[in-house]
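Please treat every number below as a calculation from the coordinates, not as lab data. Computed from a prediction, not measured in an experiment: that's the story for all the values here. Glycine also receives a Cβ, built like all others from the backbone with ideal geometry; neighbour counts cover every protein chain displayed.
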Amino acid sequence: MSSAPIEAPIVLASASPRRKRMFEEMGIAIEVIAADIDETPLPNETPVSSAVRLAGEKALRVATQLAAQGRRPFVVGADTVVIVDDEVLGKPASDAEAERMLSRLSGRTHCVVTGYAVGRHQGEWHADFVRTDVRFHALSAAQITAYAACGEGRDKAGSYAIQGIGAFLVHSLVGDYFNVVGLPISRVVRELQRQGALPSFLHP
């Protein structure tokens, strides 16, 4: 049974269709305005610190832009990183690079960290992160080549999508599944509720 979206002044500072879909599946109406910022890590910055900082900068950039238009919506920013051996795996530049990333993840545990920020212009801001540990099956060379070639992971950090065909890569995980998709939606929604952007109970 479908229901009308909950009307709320919430803006998602991300162009990610996966993050947008999570809100939509909960019946939460949002506006999408992608933030244009420099995502270069700072010197000696850890991947986790970088994710939290970038999430905050994205949200603040959009909030500031909208404030100049006389608007003060609640803004959500997020940044997701895949980490293995203390190294961040970004989006692959080619299928060959995707194969190299998947080979590194094969049969091993890596972590996915999403930094998130919630707040509004001249209001309260909250920033934090969520970590999920993901273990891959041991993959054959043929599986790695075929998955990289299918293209699903071309725009994904770590070269895979857990919510798609890439589910077959995953042996197990510890933590929040939605965090791996790109946003710890439960944490974010609860923070929006705490700040008054959403009712305490999301009902149909």
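What do you get for the angle between helix 185-194 and the principal long axis of the chain? Use alpha-carbon atoms, 0 to 90 degrees, nearest ten.
20
With every atom except the alpha carbons ignored, what do you get for Rg and Dmax of the chain, in angstroms?
Final numbers for Rg and Dmax: 17.6, 55 Å.
Can you show me the helix-derived [θ] at 222 nm for the chain, built from DSSP H runs with n ≥ 4 at -39,500 (n - 2.57) apiece and divided by the number of residues, rounded to the nearest 500.
After summing the helix terms and dividing by residue count, I get -10000 deg cm²/dmol.
Using the count of nearby Cβ atoms within 10 Å as a rough guide to exposure, how do C150, C111 rank from fewest to most?
C150, C111
Taking region 41-81, which trypsin sites (Lys or Arg not before Pro) meet the DSSP loop condition and have no more than 15 other C-beta atoms within 10 Å?
R71
What is the dipole size for the chain, taken about its Cα centre, with +1 at each Lys and Arg Cβ and -1 at each Asp and Glu Cβ, in debye to the nearest 20?
Using only the charged Cβ atoms, the result is roughly 380 debye.
Cα axis of helix 95-105 to longest principal axis of the chain: angle in degrees, 0 to 90, nearest 10?
90
Which of V134, P199, S49 sits farthest toward the positive end of the charge dipole of the chain, with +1 on the Cβ of Lys and Arg and -1 on the Cβ of Asp and Glu?
The Cα lying farthest towards the positive end belongs to P199.
Relative contact order for the chain: what percent, with Cα pairs under 8 Å and sequence separation of 6 or more?
Reported as a whole number, the value is 21 percent.
Can you tell which of Q65, V174, G119 lies farthest toward the positive end of the dipole of the chain, using +1 and -1 charges on the Cβ of basic and acidic side chains (Lys, Arg; Asp, Glu)?
Ranked along the dipole, the leading option is G119.
Helix 47-67: angle to the longest alpha-carbon principal axis of the chain, degrees 0 to 90, nearest 10?
Roughly 30 degrees, rounded to the nearest 10.
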